[in-house]
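The values are calculated or read from the model by the stated rules, or taken from the named source; none is laboratory data. Since we're looking at a predicted model, the values are computed, not measured. In this analysis, Cβ positions are derived from the backbone assuming ideal geometry, glycine residues included, and neighbour counts consider all displayed protein chains. Just so you know, the surface numbers come from the protein's heavy atoms only, side chains and all, with ligands and any DNA or RNA stripped out. Shrake-Rupley method; radii C 1.70, N 1.55, O 1.52, S 1.80 Å.
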Amino acid sequence: MRRRTPPSRPAPARERSVLRALAAREHELIEFARELVAAPSPNPPGDERMVADRTRAEMDRLGYAAVRTVALDPARPNVVGEAFSRAAGRTLMFNGHIDTKPTGDLSEWSPGPYDPVIRDGRLSGLGSADMKGAVAAMVHAGAALIETGAPPGTLRVVLTADEEAGSRYGARFLAGRPEVAADAVLVGEATGMQTSWAYVAVASRGISCFLVSVRGTQMHSSLSDQVPSINASVKLAQVLSRMASEFAPTFPVSGLVPGRPTVNLGVTMSGGMFYGIYPGHAEFGMDVRTVPGMTLAGLSADVTAFLDQLRREDPELDVTADPVPDLEWLPPSSINPAHPLVAAVQGAARDVLGRRVPAGTMPAFTDGTYWHLAGSACIPAFGPGTLLVAHRPNESVAVSEIVEASRIYALTALRYLGSDEVIPKSPRSGRPRARPPAEP
C-alpha cells in the first residue's frame, strides 16, 4: 500500500474542532446520503420535490438559516440555505444538483436504483456518485461550521434542479439573482477517474450540438436501378465516416487550462421511412465538448468549412448542419488557477487525503458555467465519485469519499473565508451579467 504524504502543517485549533464535529456525525452523514438516493428525482421527466423536502428538513435540523425553496415551477424546486452570514467578508457558495438521469433498464440494476445498499464500503444507487453523496457532504460541512463557530463572511448552500436536462429550472434560472450571488462557487461534481479525487477542475468543457442532415431522392425503391437517384442514408453514412476520421475543430491551446475538445458523432441517428421507399432524408446528431476560448461562431465556421469541402468533392451531396435549439451553445467555464478558492481547495484536499491533487479539466458540462457567467469565480467540479460509473446501471460511490468530501468542503470554507489573500483578476472583463448570454 502506497504511503500517503503527511499534512504539510499542523491543523489550527478551529480546523481540529470542525473535523471532530464531522467525525461525531459520520453516521448521520451517510444515512442522509442514503435517504437522498432513496428519494427518486429522475430527469426526465423531472420532479425534485422529494429530494428538496428531505434536504430542507436536514438543513433545518442542522441549524441552517433562511432555508427556502426558489422555483420557476413548483415541481422543480431549488433549495437555498445559509450556514452562516455576516455582513463583512466574502461569500462562498457550495452547489450541487439534486436531480439524476433516468434509471434506464431496471433489470440491469442490482440492487435497485432507489435501494441505497452499502456493500464492500460503497453506497449503491442512482445519483450516489452524481451527485447526492456530494450534496450530503456539503450540507454536513456547513453544519460543522455552524456548530464550531463560523469564520467571517457567508457560506451559502444552493442545491439545484434540472442539471441533467439543461438547467432551465435550476442554475440557469437562479444565476444572477441577488439572493444567491457569491464571490466564489464550488460545484461538487465527481472528479474521480480510475482513482478518486483525480483533479481539481479549473475548467469544464461546454457542449455544442448540431443536427447534420442529408437530402436524397425519395421514390419507389424498386426504381433505384432504373432512374438516377441519391440514397440519403448512404450519403449520410459517408459524411459520418469522413467526419469521424478527419473533422477536428480548432481551439486555443492554454498552458493554464488543460484539455481539448471532443467530437461525438451519431449521438442521434435516423434515416428513411419504411421498406419500399427509397430514402430521401437522413440525419445524425453530433455534440462537441468545447474548451475555454472556443466560440459558437468559430465552431460553426469549422463545421461549415468541412461540409463545404465534402460538397466540392461530391456535387450530388446535399448536406446541412444546423445548431440544435437550446443546445447550440452551453459554454465552457474556467477559473484562474491562482484564485484563492483553488488554493483553499487544493490545500484542504492535501491535508485530508495526504497527497497533492493537481488542477485539471472536467470533461463534462456543469452548472459551474452559469455561476461563472453570472460573475462568480467558480470551480466547476470537485467531488466524490467518478464519471465512469455515472449515467449507467449500478452507480455507486465509496462511503469513505463522502466522508472525505465533508472534511475537504469544511476546511475549504474555513480557509477561503478566513483568507485575506488578494483575488487575481479574472481573464473575463466587465460587470457581472444578470443572465447568461447565448454566447460568451
query = Relative to the present Cα-Cα distance, how much length would full extension add between Ala165 and Ser245 at 0.36 nm per residue of separation?
reply = 25.8 nm
key: Between 0 and 90°, nearest 10: helix 340-353 axis offset from the chain longest Cα axis   = 70 degrees
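Rounded to the nearest 0.05, what FRET efficiency do Ala297 and Gln238 give with R0 = 35 Å and r taken as the Cβ-Cβ distance? Could you check?
Values: r = 27 Å, r/R0 = 0.78.
After rounding to 0.05, the efficiency reads 0.80.
Within the chain, what percent of beta bridges assigned by DSSP are antiparallel, to the nearest 5? If you can, show how the numbers build up before the last one.
Values: 45 of 65 bridges.
Percentage antiparallel, nearest 5: 70.
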query = What does the charge add up to near Pro151, with Lys and Arg as +1, Asp and Glu as -1, over the other residues with Cβ less than 10 Å from its Cβ?
reply = +4
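Residues of the chain: accessible area per residue at 1.4 Å, in Å²? Walk me through the numbers before you get to the answer.
On the way: 18930 Å² over 440 residues.
Averaged over the residues of the chain, the accessible area is 43 Å².
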key: Rg to Rh quotient for the range 188-284, alpha carbon positions, Kirkwood Rh   = 1.21
task = May I ask you to give the percent of accessible area on the chain that is carbon plus sulfur, with a probe radius of 1.4 Å?
result = 53 percent
message = So for the chain, averaging the separation of alpha carbon pairs under 8 Å that are six or more residues apart and normalising by length, what relative contact order in percent results?
response = 24 percent
ask   = So who's got an amide H within less than 5 Å of the one on Ala381, skipping anything under 5 residues away but keeping other chains? H placed 1.01 Å off N, in plane.
value = Val187, Ala201
inquiry  = Between (1) 1.07; (2) 0.95; (3) 1.03, which entry matches Rg/Rh (Cα atoms, Kirkwood Rh) as derived from the coordinates of this structure?
reply    = (3)
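Viscosity 1.567 mPa s, temperature 4 °C: Stokes-Einstein D of the range 44-197 from its Kirkwood Cα radius, in µm² per second? Mind showing how you got there, number by number?
Working: Rh = 16.3 Å.
For these conditions, the coefficient is 79 µm²/s.
Taking only DSSP H segments of four or more residues, each worth -39500 (n - 2.57), what value at 222 nm results for the chain once the sum is divided by all its residues, to the nearest 500 deg cm²/dmol? Spell out each step's value before the answer.
Details: 10 runs with 130 residues, N = 440.
Using -39500 (n - 2.57) per qualifying helix, the result is -9500 deg cm²/dmol.
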task = Work from the charge dipole of the chain (Cβ charges, +1 for Lys and Arg, -1 for Asp and Glu, about the Cα centre) and give the residue of Thr268, Phe251, Gly63 farthest towards its positive end.
result = Gly63
